[in-house]
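First comes the structure, then the notes that go with it.
The values are calculated or read from the model by the stated rules, or taken from the named source; none is laboratory data. Since we're looking at a predicted model, the values are computed, not measured. Positions of Cβ are generated from backbone atoms using ideal geometry, with glycine treated the same way; all protein chains shown enter the neighbour counts. Note: areas computed on protein heavy atoms with side chains; ligands, DNA, RNA excluded. Shrake-Rupley method; radii C 1.70, N 1.55, O 1.52, S 1.80 Å.
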Number of protein chains: 4
Amino acid sequence: MTSDRELAIFEAAIKLGALYHQWVGTPVSPGTAASIEQAIEKSVILQPYVEKIRVKLDRGQMTPNAFGYSELQGLMFDVEITTRVRAATCLARLHRSGEYPLMELVGCQED
Amino acid sequence: MTSDRELAIFEAAIKLGALYHQWVGTPVSPGTAASIEQAIEKSVILQPYVEKIRVKLDRGQMTPNAFGYSELQGLMFDVEITTRVRAATCLARLHRSGEYPLMELVGCQED
Amino acid sequence: MTSDRELAIFEAAIKLGALYHQWVGTPVSPGTAASIEQAIEKSVILQPYVEKIRVKLDRGQMTPNAFGYSELQGLMFDVEITTRVRAATCLARLHRSGEYPLMELVGCQED
Amino acid sequence: MTSDRELAIFEAAIKLGALYHQWVGTPVSPGTAASIEQAIEKSVILQPYVEKIRVKLDRGQMTPNAFGYSELQGLMFDVEITTRVRAATCLARLHRSGEYPLMELVGCQED
């Protein structure tokens with residue numbers, strides 16, 4: 001039997017995996033990063049069980065290529081997502097850990 | 001020998017192919033479509049040789065699924081892009097043609 | 001405190017969300033579906049905590065467009081993934097449920 | 001009026017832009033690179049006007065992350081595509097040029 005807490009964990013992880021692979025590769029620059037952040041947030045919040053989503057892209061890693069822009073890379077993401085399934089809420093993150101874009105479960109609680 | 005006109009054609013087509021496969025699958029709804037349109041436009045305009053880009057997503061095709069949102073599909077795109085290589089400019093489109101998301105070269109001109 | 005079982009759930013869901021958005025939109029036909037299935041399986045099994053992955057794409061939904069091919073769509077996926085974190089293993093699925101590509105947690109067990 | 005040669009250029013560029021953004025971000029390793037190469041080739045050849053496609057991924061850039069795999073990045077691609085529109089054929093490439101994944105038109109000919 002699956003608990004609400006486990007379902008909230010499951011749903012948070014789906015969204016992190018999904019957004020990562022949807023958006024990696026998008027052309028981006030410090031001047032357009034805010035627009036991309038908002039588009040990601042608005043897309044994720046549409047999906048079921050998402051209570052809160054915050055996306056920050058690290059402008060410091062947006063080194064311009066020969067044509068003056070960058071591509072969104074996994075290490076640029078700093079994302080916090082909160083999901084809710086009935087009384088259970090869970091917080092998960094996607095953030096740079098050394099050279100790896102780590103997705104991790106921060107914790108859950110019940111109302 | 002490749003002409004400026006041919007290069008402008010080449011560059012326009014790269015951008016259409018790229019944006020299509022970058023953005024297809026993104027969760028979207030009529031309420032968030034404007035944010036996605038702007039994010040796509042801002043991403044494309046960063047790329048070399050792009051002079052103008054206009055993205056419209058057909059809200060009429062955004063039939064809500066069981067959870068109340070849609071996914072961006074190829075047939076929803078209506079995009080016009082103008083590229084310039086020196087004196088040559090070309091206009092290309094991505095738009096629905098029956099059941100196919102057609103990319104087509106509208107025409108080019110020289111200053 | 002997060003249990004191994006919860007971590008295994010988290011990891012399974014990441015992979016489902018990731019593969020969906022990585023591969024949706026890929027040109028595909030009944031004749032190339034096996035190659036895509038294998039490439040997805042080989043990509044997913046590289047990722048941490050994945051013990052088993054099986055990907056089936058529904059050829060019946062691959063209606064040829066005007067040029068004789070289809071695009072990989074969410075509803076075509078039938079995926080089963082097993083993840084392991086120490087003694088805990090979890091099985092999750094992505095499969096068509098009506099008109100929605102549902103990701104669901106089937107169950108977990110401990111050795 | 002658009003010539004066959006121009007159409008062949010247009011079609012080649014669409015495919016390069018498309019494959020790049022479809023596949024960037026895919027987990028990959030030297031051991032699975034051949035499977036990904038074949039899946040890309042089989043997907044691209046399905047599309048209209050493609051006469052030939054060759055995809056090589058640079059294993060030398062597949063530095064393993066903390067979990068022993070890499071992600072497919074733009075600089076790893078070495079792709080040659082030949083398109084045909086009636087009597088006109090064009091060859092285009094995607095390959096690393098310094099730190100930029102360059103798409104370029106190699107040349108066209110008529111039968």
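Leaving out ligands, DNA and RNA, calculate the buried accessible area for the pair C and A with a 1.4 Å probe, summed over both sides, in Å² to the nearest 100. Kindly include the intermediate steps, with their values, before the conclusion.
Values: alone 6490 and 6510 Å², together 11240 Å².
Buried: approximately 1800 Å² between A and C.
With viscosity set to 1.002 mPa s and temperature to 20 °C, compute the Stokes-Einstein D of segment B:12-82, Rh being the Kirkwood radius across alpha carbon pairs; µm²/s, no decimals. Could the numbers behind the result be given before it?
Numbers: Rh = 12.4 Å.
Rounded, D is 173 µm²/s.
Which pairs, out of A:Lys56/D:Lys52; A:Lys15/B:Lys15; B:Lys52/D:Lys15; B:Lys42/C:Lys42, put more than 30 Å between their alpha-carbon atoms? Don't skip to the answer; put the middle values down first.
Working: A:Lys56/D:Lys52 41 Å; A:Lys15/B:Lys15 27 Å; B:Lys52/D:Lys15 21 Å; B:Lys42/C:Lys42 34 Å.
Among A:Lys56/D:Lys52; A:Lys15/B:Lys15; B:Lys52/D:Lys15; B:Lys42/C:Lys42, the Cα-Cα distance tops 30 Å for A:Lys56/D:Lys52; B:Lys42/C:Lys42.
Enter the mean number of other protein chain beta carbons within 10 Å of the beta carbon of each residue in C:31-37, as an integer.
So the per-residue partner count for this stretch is 4.
Report, by chain and number, residues whose modeled amide H sits under 5 Å from the one on B:Glu71, excluding near sequence neighbours (fewer than 5 apart, same chain).
Long-range HN contacts for B:Glu71: B:Val28.
In whole Hz, what ³J(HN,Hα) sequence does segment B:104-111 give by Karplus (6.51, -1.76, 1.60; θ = phi - 60°), x for Gly and Pro?
Taking θ as phi minus 60°, the curve returns 9, 8, 7, x, 10, 8, 10, 4 Hz for segment B:104-111.
State in Å² the accessible area per residue of chain D; use a 1.4 Å probe, count heavy atoms of protein chains only, and round to the nearest integer.
Values: 4350 Å² over 111 residues.
On a per-residue basis, 39 Å².
Mind checking which chain B residue has its Cβ closest to the axis relating B to A, and how many whole Å off it is?
Closest to the rotation axis on chain B: B:Ala39, 2.
Cα centroid distance between segment D:92-111 and segment B:2-37, in Å?
Each part's Cα centre sits 20 Å from the other's.
What residues qualify as long-range amide H neighbours of A:Val106, i.e. H under 5 Å apart, gap of 5 or more or another chain, H built at 1.01 Å from N?
A:Leu91, A:Ala92, A:Arg93
Filter the trypsin sites (Lys or Arg not before Pro) in segment D:1-89 down to the DSSP loop ones having no more than 15 other Cβ atoms within 10 Å, then list what survives. Spell out each step's value before the answer.
Numbers: sites: D:Arg5, D:Lys15, D:Lys42, D:Lys52, D:Arg54, D:Lys56, D:Arg59, D:Arg84, D:Arg86; in loops: D:Arg86.
Those that pass, being in a loop and sparsely packed, are D:Arg86.
Taking R0 as 41 Å, what's the FRET efficiency between B:Tyr100 and D:Lys56 from their Cβ-Cβ distance, rounded to 0.05?
0.85
In whole percent, and with a 1.4 Å probe on the protein chains, what portion of the accessible area of segment A:16-111 is carbon and sulfur? Walk me through the numbers before you get to the answer.
On the way: 1860 of 3850 Å².
Roughly 48 percent of what the probe reaches on segment A:16-111 is carbon or sulfur.
Relative to the longest principal axis of the C-alpha atoms of chain A, give the angle of the C-alpha long axis of helix A:4-23, reported between 0 and 90° and rounded to the nearest 10°.
With both axes taken from Cα atoms, the answer is about 10 degrees.
What figure, in Å² to the nearest 10, do you get for the accessible area of C:Trp23 with a 1.4 Å probe and non-protein molecules left out?
Surface accessible to solvent at C:Trp23 totals approximately 10 Å².
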